[in-house]
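**Q** Sharing a structure with you now.
Nothing in this text is a laboratory measurement; each read-out follows from the coordinates by a stated rule. Since this is a predicted model, take the numbers as computed values, not measurements. Quick reminder, even Gly has a Cβ in these numbers, built from the backbone with ideal geometry, and neighbours come from all protein chains shown.
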Amino acid sequence: MKMRPAGTVLTFGTFDVFHVGHLRILERAAALGARLVVGVSSDALNISKKGRAPVFPQEERLQLVAALRCVDAVFIEESLELKRHYLTEYGADVLAMGDDWRGRFDEFADVCRVVYFERTPAVSTTAIIEKIRL
Ligand code: CTP
């Protein structure tokens, strides 16, 4: 078994129409600590952020992410403004995000280490929806 460093890692995302880019970032985030906690964005947050409702409702997205071997706990992220609160509440040692968010979470460096991962190329929920729609 691979040794994992100590500590809690937090990451956030919608994880709608679950794809391999999602799996890769969760696996890489999990490798940074002993425990991976995932904040799954609420339906309401997505509507305000992306201007559309997710394909799968929040309870189903939450269940899918929770069932992954690399994920230890999940919660619904209700607001972008609550990041600092979630980091403290879950005792995060590391915040891991895709590099589409690069620099946007540096303000939390006083609470935990902030890590940005390169996105997996050529896959996204938006692209999958477009492809299916055609
Ligand atoms: N992610 C990734 N590689 C991809 C797609 C997403 O590493 N190809 C990461 C994002 O950077 C984020 C997490 O997965 O940290 C959740 O991303 P999310 O926004 O839910 O997925 P997207 O596929 O980017 O969705 P959309 O197309 O709706 O923006």
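**Q** Which whole-Hz ³J(HN,Hα) couplings does the stretch 6-21 yield from phi under the Karplus relation 6.51 cos²θ - 1.76 cosθ + 1.60, θ = phi - 60°, glycine and proline marked x?
**A** After applying 6.51 cos²θ - 1.76 cosθ + 1.60, I find 6, x, 9, 10, 10, 9, 10, x, 8, 6, 8, 6, 3, 9, 5, x Hz.
**Q** Suppose R0 equals 25 Å; then what is the FRET efficiency for S124 and S48 from their Cβ-Cβ distance, rounded to the nearest 0.05?
**A** Values: r = 19 Å, r/R0 = 0.77.
Once rounded, the FRET efficiency stands at 0.80.
**Q** Among T125, G13, G103, whose Cα projects farthest towards the positive end of the dipole of the chain, with charges put on the beta-carbon of Lys, Arg (+1) and Asp, Glu (-1)?
**A** Comparing the listed Cα positions along the dipole, T125 ranks first.
**Q** Which whole-number percent gives the relative contact order of the chain, counting Cα pairs below 8 Å spaced six or more residues apart? Display every interim value, and only then the final one.
**A** Values: 215 pairs, mean separation 38.7, N = 134.
In percent, rounded to a whole number, it is 29.
**Q** Take the Cα atoms of the stretch 1-116, build their convex hull, and give its volume per residue in Å³.
**A** On the way: hull volume 11.2 nm³, N = 116.
About 96 Å³ per residue, rounded to a whole number.
**Q** Show the residues, 5+ positions off or on another chain, whose built amide H is closer than 5 Å to the amide H of M97.
**A** V115, Y116, F117
**Q** In whole Hz and in residue order, list the ³J(HN,Hα) couplings for the stretch 55-63 that follow from phi through the Karplus curve 6.51 cos²θ - 1.76 cosθ + 1.60, θ = phi - 60°; x for Gly and Pro.
**A** Here the 3J(HN,Hα) series is 5, 9, x, 4, 5, 6, 4, 4, 5 Hz.
**Q** Just add up the charged neighbours of F56: K/R +1, D/E -1, any other residue whose Cβ is under 11 Å from the Cβ of F56. Please list the in-between numbers first.
**A** On the way: positive: R61; negative: D16, D43, E59, E60.
Surrounding charge for F56 is -3.
**Q** Near the amide H of E77, under 5 Å away, which other amide H atoms are found, from residues 5 or more places off or on another chain, if H is placed in the peptide plane?
**A** V40, S41, S42
**Q** Give, rounded to the nearest 20 debye, the magnitude of the charge dipole that the stretch 48-134 has about its Cα centre when Lys and Arg contribute +1 at Cβ and Asp and Glu contribute -1 at Cβ. It would help to have the intermediate numbers written out before the result.
**A** On the way: 13 positive and 15 negative charges, 95 e Å.
About 460 debye.
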